[in-house]
Amino acid sequence: MASGAGDWSAEQIDDYETLISTTDVELLKRAWRNEKASPEILPFEEALVKRAKEQIQLMEETVDDFAESGHDPLIASLYQMDLDRAQFLLRSYLRVRLQKIEKFMFHIWKMDTYRNRLSIEEEKFTERCIRDIGKHLEETVVSKLPDNYQSVLKQSIISEEDDMVPEPQLDTFIVAKCERATRPLYLDGSRQSASFDSRNDHFQMVPGDLCILRYRPFQEELMSGNISLV
């Protein structure tokens with residue numbers, strides 16, 4: 001930076017503090033929690049990650065300036081704590097996504113819905129993993145099996161589906177917190193339910209509510225930001 005932190009005016013410091021007190025860190029924390037608790041990979045938060053990287057760069061420059069200018073060590077340490085927290089959240093968010101990709105790579109790659117949720121870098125990583133693991137399995141295992149079983153994705157050639165490909169368990173239970181009032185939620189995931197009495201088969205969440213739910217029927221509410229996962 002052109003000037004040291006010691007030359008900063010009170011207004012400049014206030015502007016910086018306003019910047020780091022924006023909701024991006026909280027949004028990143030929510031994105032990480034959602035990704036960690038969700039059984040499937042969620043859409044990549046591209047804009048949020050970009051803003052987080054820019055804020056981290058600004059905080060790194062500010063901490064360096066404070067250190068060089070001999071500013072109050074306590075203030076510098078507080079800025080360093082903010083920096084460490086932002087870096088931890090960003091790395092944790094990206095790491096949990098990579099873990100899901102490694103676990104469900106074949107399923108993600110064959111489903112356009114999931115492939116469209118990846119960043120460009122994640123898509124390249126997935127393609128490389130599939131190529132490398134497929135080559136490794138073919139050379140070490142598959143090539144030594146009978147002809148009917150020489151598939152990385154199927155148990156045998158008579159299998160109609162890729163029955164050896166792990167898939168996310170969308171009917172698992174999750175703990176959801178309401179962020180915004182939801183529409184009436186039906187237990188079977190539909191907007192209208194014929195299998196239950198209309199007076200008893202649905203409920204509505206209001207901000208602050210916590211519920212234990214099956215994940216599948218409430219994907220739409222999570223994607224829209226009406227609920228977050230705990």
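General observations
- Among the trypsin sites (Lys or Arg not before Pro) within the range 55-158, not one is in coil by DSSP while having at most 13 neighbouring Cβ atoms inside 10 Å.
- Label-point separation in nm, Ala181 to Lys53, each point 7 Å along Cα→Cβ: 4.0 nm
- Here Met111, Met81, Met59 are placed in order of increasing Cβ neighbour count within 10 Å, fewest first, which gives Met81, Met111, Met59.
- Placing a pseudo-label 7 Å from each Cα along the Cα-to-Cβ vector at Arg85 and Glu127 gives an inter-label distance of 3.9 nm.
Bear in mind these aren't lab numbers, they're just calculated from the coordinates by the rules spelled out. Quantities reported herein were computed from a predicted structural model and do not represent experimental measurements. Here the Cβ is made from the backbone with ideal geometry for all residues, glycine too, and neighbour counts use every protein chain on show.
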